[in-house]
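Undergrad: Mind looking over this structure? Questions follow.
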Ligand code: SIN
Ligand code: MN
């Protein structure tokens with residue numbers, strides 16, 4: 001399950017690596033089925049502005065054997081260990097729902113800005129893995145990523161005006177459409193001039209590895225196609241956060257630092 005040297009070089013150069021058709025249809029069906037069985041209400045659930053549409057589910061792996069086995073799947077875990085050059089533990093698990101017609105924007109940001117500011121993460125030695133639970137196409141709000149922007153390190157960000165005005169310190173301010181730490185237009189223009197925007201599209205089961213410092217966003221989904229994206233974030237065990245204040249809830253920032261071990265590669269199919 002190892003990445004090739006060329007794939008690692010591409011990841012290091014662009015800050016992302018897209019692997020279409022990575023999981024089979026049967027494996028994606030197992031994940032979708034598991035999602036459909038989740039309880040309606042969970043403490044990590046975030047709604048869209050309409051207060052009716054689910055925007056994201058955080059930390060739902062905790063009670064799911066299937067999502068636990070996905071986290072330890074060698075197709076994901078081994079490349080993450082290779083990319084970070086270390087043993088890794090689970091930092092965050094979430095599913096962004098980007099519902100048909102109502103799934104809202106994710107403004108331009110770097111994930112590491114949140115993890116540095118809110119959680120006291122020492123370095124961006126962290127990798128995101130996005131698993132497409134639906135086909136992602138040009139209409140349903142694919143991720144936009146700026147190639148090479150991770151090389152800038154932590155970029156000066158703007159606090160969203162709603163966060164400044166309300167001094168909102170709740171965890172919801174970090175995951176709403178009024179995202180707290182955003183990149184300004186001048187920064188995005190400069191970064192895009194150099195790297196360009198890449199919007200990976202492909203069938204359900206495709207996988208995107210992307211760096212914790214890459215600048216990214218996504219537009220609202222006004223199409224009739226849902227775009228559910230399952231996101232697993234692996235952190236190096238040498239990079240454990242040291243929060244200066246009250247730590248964020250466990251469903252957003254896992255505090256089990258046990259190094260993850262790969263399970264068998266047919267683990268999802270064993271559940272059928
Ligand atoms: C999205 O789901 O479109 C945004 C994901 C992210 O910001 O990590
Ligand atoms: Mn993000």
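The numbers here are math on the coordinates, done by the rules we state, and not lab data. Computed from a predicted structure; not experimentally measured. Virtual Cβ from ideal backbone geometry, glycine too; neighbours counted across all protein chains shown.
Undergrad: Would you calculate the separation in nanometres between label points at residue 258 and residue 82, each defined as 7 Å from the Cα along the Cα-to-beta-carbon direction?
TA: Computed distance between label sites residue 258 and residue 82 equals 2.6 nm.
Undergrad: Can you show me the helix-derived [θ] at 222 nm for the chain, built from DSSP H runs with n ≥ 4 at -39,500 (n - 2.57) apiece and divided by the number of residues, rounded to the nearest 500.
TA: -6500 deg cm²/dmol
Undergrad: Let me ask something additional. If I take every Cα pair under 8 Å that is 6 or more residues apart in the chain, average their sequence separation and divide by the length, what percent do I get for the relative contact order?
TA: 36
Undergrad: For segment 227-269, what does the alpha-carbon gyration tensor say about shape, rounded, prolate or oblate, given a ≥ b ≥ c as the root eigenvalues, a/c under 1.5 as rounded, and a/b over b/c as prolate?
TA: oblate
Undergrad: Pop the C-beta distance of residue 2 and residue 25 into the FRET formula with R0 = 25 Å and round what comes out to the nearest 0.05.
TA: 0.55
Undergrad: Place a point 7 Å from the Cα of residue 223 along the Cα-to-Cβ direction; which residues of segment 196-214 have their backbone N under 13 Å from it?
TA: 199-204
Undergrad: Residue 63 to residue 246: extension gain in nm, 0.36 nm per residue of separation minus the Cα-Cα distance?
TA: Difference between extended and current length: 63.4 nm.
Undergrad: Determine, from the Cβ-Cβ distance of residue 172 and residue 33 and an R0 of 22 Å, the FRET efficiency 1/(1 + (r/R0)^6), rounded to the nearest 0.05.
TA: Numbers: r = 28 Å, r/R0 = 1.29.
It comes out at approximately 0.20.
Undergrad: Hey, another quick one. Given labels modelled 7 Å from the Cα in the Cβ direction, how far is it in nm from residue 272 to residue 189?
TA: 5.2
Undergrad: Write down, largest first, the equivalent ellipsoid semi-axes of segment 61-145 in whole Å, where each equals the square root of 5 times an eigenvalue of the alpha-carbon gyration tensor.
TA: With the √(5λ) rule applied to segment 61-145, the semi-axes are 24, 19, 13 Å.
Undergrad: Mind pulling the per residue volume of the convex hull built on the Cα atoms of the chain? Å³ is fine.
TA: Residue-normalised Cα hull volume stands at 123 Å³.
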